[in-house]
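The block underneath contains the structure these notes are about, expressed in structure tokens.
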Amino acid sequence: MNLELLESFGQNYPEEADGTLDCISMALTCTFNRWGTLLAVGCNDGRIVIWDFLTRGIAKIISAHIHPVCSLCWSRDGHKLVSASTDNIVSQWDVLTGDCDQRFRFPSPILKLQCHPRDMDKVLVCPMKSAPVLLTLSDSKHVVLPVDDDSDLNVVAAFDRRGEYIYTGNAKGKILVLNTNTQELVASFRVTTGTSNTTAIKSIEFARKGSCFLINTADRIIRVYDGREILTCGRDGEPEPMQKLQDLVNRTPWKRCCFSGDGEYIVAGSARQHALYIWEKSIGNLVKILHGTRGELLLDVAWHPVRPIIASISSGVVSIWAQNQVENWSAFAPDFKELDENVEYEERESEFDIEDEDKSEPEQMGADAAEDEEVDVTTVDPIVAFCSSDEELEDSKALLYLPIAPEVEDPEENPFGPPPDTSVQGAAPEDALAGGDKKQRQPSSEGGPAKKKARTTTIELQGVPSDEVHPLLGVKGDGKSKKKTAGRPKGSKGKDKDFPFRPKPYRGERPSFPVEALGSSGPGGGGVGGGMKGRAEGGLATGSLLSQSYKQHDIGGMD
């Protein structure tokens, strides 16, 4: 993969758009696995689409939830995927089989979840209006983390780079550092603006390399701290941030922030438009602004773990940002010259001889000695970019790639394949997509042994309101940022305006086609209309951001 050559040439941040990934469904959130070979995308119809990032093709589709997927996280070895949906359910999935291992039902919507960086049995969950919860998957137990102020439960949390500590932040700017195993308070400090005023913590993100982390706050400033200094200051310390990053001109609020794979750059996505700001961490200078389509709202940003590539989501499509690759052959061969026209080449004497007659004897002996040495062509050296600083070898059990089943056009004409009724199991991801929800909902092991049903554990949290609505549904979200794309007008005029393919109302009596008939024309019978109706009845708020864009997208895709 030539990862060693990356740092040798130019800067390590993307400069231009490099295509899009269209998941057919509306994409809401995305995350890379630890090596950047697979990209998991959570969609608004509840599906998880896993892309092979090297081939830019769909490797697997998991029909995970009924409601939109709002958060995703890979396990350390890449075999498991933990997801959360807007109906307050957290699920763990086996990536190879697509089966659900277990589910957890929470009383309030899930804002974020994160797998432990080293211990694959622990998951950190941040429910709305609740203290963060540390789940143990093996015994389905949970621990509610202590908070600074019981009256302020708007808390975000994150594991540090190796999972030894959990950092939590509340709406009053207080950061607590807790020991992951004992939940004891190790250190704490308060994020303040210029005076003694405090500002709410929106998110905490850690770099993959080094000890730095960033805090995104409501005052539109991204503060970068050194984790070692935080632990040294102890409780009620007053550490100074290494950098303060902000957009002084436009005072842009930040939707999502993260570090580059090497921890040297920081990218922040604007909450107002599809724009990505990239800073250099060491100096704090703004090095690049990447502009997407005007008028679109950004939903999520993820930086590739080892390459200068960024994935961003807006309007349901994943955009890829990368470097402009220029072929510079003189970097590899110093005497390389580009020719405008053919030049007659003068061959040096003995240049193309099989045996060089002019070689001196000692050199010939040295060449013979080199031929006798055995060259090891079987041992594979570990890729340094894939190893942590405290590891020498790569994880031998890691899941880097997913096998893709071959696409069979007509299963009945395949004499060596399975019977036609079991061919759904080995269908290609594209076939699975086209088959609609009905084909997707069938168990993956049809015709084989019965698939065991995943157990569901209900998590009881004291004093947490159960009537909260997830911010993605646009009911209790920030009205300013969603004013343009918020709900459609309730009257029929607004509906007609949103559906470009709907004919004008007739004055006479003309036959009308129901939405169900429209949907049944699609392959597999699931179709567009059926999927739309099912999602609408599934509890999405009428006129919300998700339901509107989902219907628009599906109707538009039929053309």
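The values are calculated or read from the model by the stated rules, or taken from the named source; none is laboratory data. What you see is a predicted model; the values in this text were computed from it and never measured. Cβ atoms come from the backbone with ideal geometry, glycine included; neighbour counts cover every protein chain shown. Accessible surface areas use protein heavy atoms only, side chains included; no ligands, DNA or RNA. Shrake-Rupley method; radii C 1.70, N 1.55, O 1.52, S 1.80 Å.
General remarks:
- Any hit, the stretch 102-115, residues being among the aromatic types (Phe, Trp, Tyr), surrounded by fewer than 23 Cβ atoms within 10 Å (Cβ to Cβ), in contact (Cβ under 8 Å) with a residue 12 or more places away in the chain and outside any strand (DSSP E or B): no
- Subset of the stretch 295-316 that is of a type outside the set (A, V, I, L, M) and part of a loop (DSSP other than H, G, I, E, B) - its residue that is nearest to the chain's Cα centre (by Cα): His304
- The set of residues in the stretch 377-386 being at pLDDT 75 or above and either open to solvent by 100 Å² or more (accessible area, probe 1.4 Å) or within 12 Å of Asp77 (Cα to Cα) (or both) consists of Val377, Thr378, Val380, Asp381.
- Residue under evaluation Ala275, criteria (1) at pLDDT 90 or above; (2) surrounded by fewer than 18 Cβ atoms within 10 Å (Cβ to Cβ); (3) small (Gly, Ala, Ser); (4) more than 18 Å from Thr217 (Cα to Cα), criterion not met: (2)
- Among all positions in the stretch 79-95, there is no residue which is in a loop (DSSP other than H, G, I, E, B), basic (Lys, Arg), within 15 Å of the chain's Cα centre (by Cα) and over 30 Å from Asp149 (Cα atoms).
- Test: residue in the stretch 310-320 that is open to solvent by 80 Å² or more (accessible area, probe 1.4 Å) and more than 30 Å from Gly210 (Cα to Cα): no
- Residue in the stretch 118-131 that is open to solvent by 50 Å² or more (accessible area, probe 1.4 Å) and in contact with a Cys (Cβ under 9 Å, 6 or more places away or on another chain) present: no
- A single member of Ser188, Ser211 is over 30 Å from Ala385 (Cβ atoms), touching a residue at least 24 places away in the same chain (Cβ under 8 Å), surrounded by fewer than 20 Cβ atoms within 10 Å (Cβ to Cβ) and touching a Lys or Arg at 6+ places or on another chain (Cβ under 8 Å), and it is Ser188.
- Meets criteria (outside the structural domain of Met120 (by the TED database) and in contact with a Cys (Cβ under 6 Å, 6 or more places away or on another chain)) for Ile201: no
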